[in-house]
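These notes are about the structure you will find just below.
The values are calculated or read from the model by the stated rules, or taken from the named source; none is laboratory data. Quantities reported herein were computed from a predicted structural model and do not represent experimental measurements. Heads up, the Cβs are rebuilt from the backbone with ideal geometry, glycines too, and the neighbour counts pull from every protein chain shown.
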Amino acid sequence: MSTVIASLFLFIITAAAYVGLLVYILRLDELIGVERWMAGFCLWSVLLAGTLALGASNLPMLNISPGLWLAVASVGSLCLFGATTFGYLELPKPWAWAVAAPVVMAIILVGDARDPAAGLAEMTWRAALAQPGTWFPFTVAAVWVLAGVALLSLTYLSVTQASLPLLANRRFWWAIALSAIFSSEAIAMWASGPLAVIAQVLRVAGVAAAVYAATTLELMDIRGVIRMVIGNALFIAFLSFVILVGISASIFLLDRLPDGQKQLAVTGVVIALAVVYQQVQPRLRSAVSRAVLAAGYDTAEIAKGYSQRIANLLDVGDLAVTLGITLAQAVQSSRLGLLLITPKDKFARVDVMIGAGKFPTYHHYFGKDSLFLQTLINSRRPLSQYSLDYDPKYKSLSADDREWLRGLGADIHVPVFDGDTLSAVLAVGARQNREPYRQGELELLQSIADQTSVALKNARLVTNLRVLNEGMRDLYENTRVLNKELGASNERLRQMDKVKTDFINIASHELRTPLTKLRGYSDLLNEMNSVGDLDRENIDVITHQLSKACTRLEELLSQMLDVSQLDIEALQLVVGPTTIDKVARIAAESLRQAVRERKQILTIQDMQHLPLIRGDFQRLVQTFRQLIGNAIKFTPDGGRVEVYAYYLPPNEERDRPEAIEIVVADTGVGIDPEHYELIFEKFYRVGSVDLHSTGDTKFMGAGPGLGLTIARGVIKGHGGQIWVESDGFDPKMCPGSQFHIILPIQPKPVPVQPMPVSA
């Protein structure tokens with residue numbers, strides 16, 4: 001009976017503890033996700049302790065064995081704490097654990113009920129596993145152990161993967177709490193008597209540690225405490241050793257020396273030990289601090305050395321590197337970025353100068369009211385990245401600022417002030433031993449930042465002067481380049497002015513020629529009609545010449561109209577399926593007579609194997625007729641003109657779809673490279689206007705200089721390219737020219753206005 005009362009009393013006390021923890025959580029101002037999960041787990045713990053208390057008193061209303069109930073309760077505890085753990089570690093889908101709890105508990109109850117002889121209904125959990133042929137209890141226990149070990153492994157792994165020391169400490173606390181709860185559950189399932197009492201106490205302690213970790217932002221550095229205990233233990237062991245040696249030596253001398261020498265010998269031993277202690281103690285203390293506590297630096301010495309190193313620095317980059325070296329020696333940090341802050345009208349620009357480690361080098365812009373900057377300005381003390389990530393008062397920090405600050409990979413942000421103005425921030429990475437920065441180290445960092453202020457101000461002034469000088473140098477260079485380009489533009493304007501002047505002369509001549517023919521043959525027709533000399537043969541000759549003159553005049557006017565429409569981007573394309581082979585052959589057909597007269601060889605290679613293209617058939621024929629006609633005119637008698645093409649596959653690097661490249665090659669006089677672009681300009685013709693003769697077939701015959709302009713407009717309208725290649729202009733050697741055209745198989749649509757199409 002006394003055992004039952006003791007058990008009942010124990011469970012009541014544990015239930016009261018859980019109630020206290022639950023009340024503590026519920027009294028918080030705002031419950032975040034993990035705190036809500038923790039409150040649910042505490043409530044479950046209260047219910048669990050209460051039912052165990054009722055079960056311990058053997059109330060007849062509970063028709064369930066302690067072993068079975070402990071199995072069900074342990075699985076439920078594991079699932080609910082698994083949900084809490086996922087919420088604490090910010091892992092996805094913590095609710096999956098909570099959903100699994102009732103499902104798994106129901107499976108256990110149903111499974112045990114279907115096989116009561118081999119289950120848990122009439123025996124303890126440990127006894128059930130010992131029963132031969134009982135697979136069900138063993139399976140439940142194995143799943144519970146595996147799930148618990150997996151949860152523990154995940155938690156300890158998160159400790160090692162934490163990017164910030166304070167975050168690692170936060171997760172380490174949770175790992176300890178989870179270990180305590182898991183161990184207590186295991187003990188309760190397997191043991192009884194005093195061990196069961198220990199299990200309940202251990203569970204309460206684990207839950208209390210979890211509540212502390214879930215509701216406290218800056219947790220006690222438990223790893224530092226462990227190291228401190230180890231360090232003090234080592235130091236006490238040293239003192240004990242010194243005392244033991246002194247006592248042992250004194251006893252040895254007292255036993256072997258005469259009475260007159262004993263006091264003197266003991267005094268000598270004490271003095272010797274005091275001297276040894278005085279010499280060894282500081283060194284041992286420092287060694288223990290460095291090895292165990294990762295401390296032991298001299299703040300004053302570090303500050304003095306840093307001040308001497310930066311006294312004559314006038315370069316911001318050198319200052320950043322010096323900062324990185326100093327902090328590596330002082331606090332064992334291998335990451336330092338000097339964030340230069342330049343205030344603007346509505347924002348502050350941040351430039352990163354790398355002192356040690358890797359940092360993003362792109363600029364960032366903080367708003368003038370940025371919570372990050374305002375916090376540093378108001379507090380004038382270091383700010384941890386851990387606080388920015390987990391302190392609720394920084395939840396209003398903008399997403400862009402938060403992402404950029406996380407990308408720095410810094411642990412501590414230390415402000416640097418120029419008077420009352422925030423001029424820079426030291427972004428200091430975590431210590432190499434992954435320990436959090438202690439108060440003394442934070443004070444050292446702020447002291448170094450204060451010393452940096454004057455050096456930074458001088459360095460930025462020098463840097464600004466250098467930038468100004470470089471700007472003046474660039475301005476001079478840009479002015480020189482602009483003057484050169486202006487000279488080139490003036491020369492081009494001069495050439496184009498000459499071109500327009502030449503066009504007036506050419507156009508007047510080109511237009512006057514067919515008009516003169518029209519006037520002459522009209523007068524001849526009237527005269528012959530008046531004297532009655534007209535016959536059928538004369539009429540045919542005169543009308544043929546009149547028609548030829550009209551056609552030439554129509555072509556000239558049509559070219560001028562096409563060029564005017566190119567100027568206003570009004571060239572319309574009537575797109576349809578066609579082949580390059582058909583286009584080239586029809587274009588060449590009307591030029592066969594000219595080829596025969598000039599005794600040239602015109603070759604159109606077989607291009608029927610090439611895929612269909614979508615294009616304006618008439619406009620393409622017009623373009624190819626112009627290119628082939630130009631090749632004929634600028635090729636001497638007996639020369640060759642060749643047209644060929646090949647397929648171009650898509651090229652993502654050049655942003656080019658699949659296309660066909662067509663080449664019109666000749667053995668003509670060639671083109672000077674300086675005229676490659678000019679020949680596509682309106683009214684431009686190579687050479688002197690006075691040397692040109694009009695006509696479609698004569699060698700170097702010339703028109704108004706509009707054909708290539710129209711050809712380029714048509715090709716560009718199809719989304720293609722056109723250019724010329726040649727070894728130069730030489731009427732004697734005739735190096736030849738090659739006009740290249742690239743036409744996409746599927747051109748992009750071009751919004752244009754209707755226009756008449758010239759043949």
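Here are some notes:
- Qualifying residue in region 57-65 (condition: under 20 Å from Val140 (Cα atoms) and at pLDDT below 70): yes
- Residue in region 185-204 that is touching a residue at least 40 places away in the same chain (Cβ under 8 Å), touching a Pro at 6+ places or on another chain (Cβ under 7 Å) and not aliphatic (A, V, I, L, M) present: no
- When Ala424, Ala330, Ala348 are checked against the criterion of being touching a Phe, Trp or Tyr at 6+ places or on another chain (Cβ under 7 Å), more than 19 Å from Ser163 (Cα to Cα) and modelled with pLDDT of 85 or more, a single residue qualifies: Ala348.
- All conditions in (1) of a type in the set (D, E, K, R); (2) surrounded by 15 or more Cβ atoms within 10 Å (Cβ to Cβ); (3) assigned to a helix (DSSP H, G or I); (4) at pLDDT 85 or above hold for Asp562, with the sole exception of (4).
- Put simply, of Leu405, Leu388 the only residue that is in a helix (DSSP H, G or I), in contact with a Phe, Trp or Tyr (Cβ under 6 Å, 6 or more places away or on another chain) and in the same structural domain as Ala348 (by TED's automatic domain parsing) is Leu388.
- Positions within region 365-408 being under 25 Å from Asp450 (Cα atoms), in contact with a Leu (Cβ under 9 Å, 6 or more places away or on another chain) and small (Gly, Ala, Ser), in sequence order: Gly367, Ser370, Ser384, Ser387
- Qualifying residue in region 621-639 (condition: over 23 Å from Gly717 (Cβ atoms) and assigned to a helix (DSSP H, G or I)): yes
- Flag for Val197 being within 46 Å of the chain's Cα centre (by Cα) and surrounded by fewer than 18 Cβ atoms within 10 Å (Cβ to Cβ): no
- Tallying residues that are at pLDDT 80 or above and either under 17 Å from Arg309 (Cβ atoms) or polar (S, T, N, Q) (or both) within region 427-450 yields 9.
- Gly317 being among the small types (Gly, Ala, Ser) and either exposed (fewer than 15 other Cβ atoms within 10 Å of the Cβ) or on the phi > 0 side of the Ramachandran plot (or both): yes
- Matching residues, region 322-342, being surrounded by fewer than 18 Cβ atoms within 10 Å (Cβ to Cβ), under 24 Å from Val462 (Cβ atoms) and under 26 Å from the mean Cα position of the chain (by Cα): Thr342
- Residue in region 86-108 that is in contact with a Lys or Arg (Cβ under 8 Å, 6 or more places away or on another chain), under 23 Å from Gln200 (Cα atoms), modelled with pLDDT under 75 and not hydroxyl-bearing (Ser, Thr, Tyr) present: no
- Looking across region 288-312, the residues that are aliphatic (A, V, I, L, M), surrounded by fewer than 20 Cβ atoms within 10 Å (Cβ to Cβ) and at pLDDT 65 or above come down to Ala300, Ile302, Ala303, Ala311.
- Taking every residue in region 221-239 that is closer than 30 Å to Ala274 by Cβ and pairing it with any residue that is surrounded by fewer than 16 Cβ atoms within 10 Å (Cβ to Cβ) and β-branched (Val, Ile, Thr), at least 6 positions away or on another chain, the pairs with Cβ-Cβ distances below 9 Å are Phe238/Val280.
- Residue that is part of a loop (DSSP other than H, G, I, E, B), over 15 Å from Ala584 (Cβ atoms) and at pLDDT 90 or above, where the choices are Gly695, Gly668, Gly687, Gly705: Gly668
- Residues of region 299-342 classified as of a type in the set (A, V, I, L, M, F, W, C), part of a helix (DSSP H, G or I) and under 30 Å from Lys368 (Cα atoms), total: 6
- Some residue of region 649-663 being in contact with a helix residue (DSSP H, G or I) (Cβ under 7 Å, 6 or more places away or on another chain), surrounded by 21 or more Cβ atoms within 10 Å (Cβ to Cβ), assigned by TED's automatic domain parsing to the domain that holds Met700 and not in a strand (DSSP E or B): no
- Hey, Leu120 surrounded by fewer than 20 Cβ atoms within 10 Å (Cβ to Cβ), within 21 Å of Ala196 (Cβ to Cβ) and either over 48 Å from the mean Cα position of the chain (by Cα) or modelled with pLDDT of 60 or more (or both) or not: no
- The set of residues in region 456-490 that are exposed (fewer than 12 other Cβ atoms within 10 Å of the Cβ) and either hydroxyl-bearing (Ser, Thr, Tyr) or modelled with pLDDT under 70 (or both) comprises Tyr476, Thr479, Ser489.
- With respect to the conditions (1) in contact with a strand residue (DSSP E or B) (Cβ under 9 Å, 6 or more places away or on another chain); (2) surrounded by fewer than 23 Cβ atoms within 10 Å (Cβ to Cβ), Val416 falls short on a single one, namely (2).
- Qualifying residue in region 416-436 (condition: assigned to a helix (DSSP H, G or I) and out of contact with any His (no Cβ under 8 Å at 6 or more places or on another chain)): no
- Taken together, Ser396, Ser453 contain a single residue that is surrounded by fewer than 18 Cβ atoms within 10 Å (Cβ to Cβ) and modelled with pLDDT under 85, which is Ser453.
- Residue in region 353-375 that is surrounded by the fewest Cβ atoms within 10 Å (Cβ to Cβ), counting only those that are under 18 Å from Leu336 (Cα atoms) and aliphatic (A, V, I, L, M): Ile354
- Neighbours by Cβ (under 8 Å, 6+ apart or cross-chain): first from region 415-434, in the same structural domain as Val331 (by TED's automatic domain parsing); second acidic (Asp, Glu): Val416/Asp450; Phe417/Asp450; Val428/Asp411; Gly429/Asp411; Ala430/Asp411; Arg431/Asp411
- Residues in region 713-759 that are more than 19 Å from Gly670 (Cα to Cα) and either at pLDDT 85 or above or not in a loop (DSSP other than H, G, I, E, B) (or both): 13 in all.
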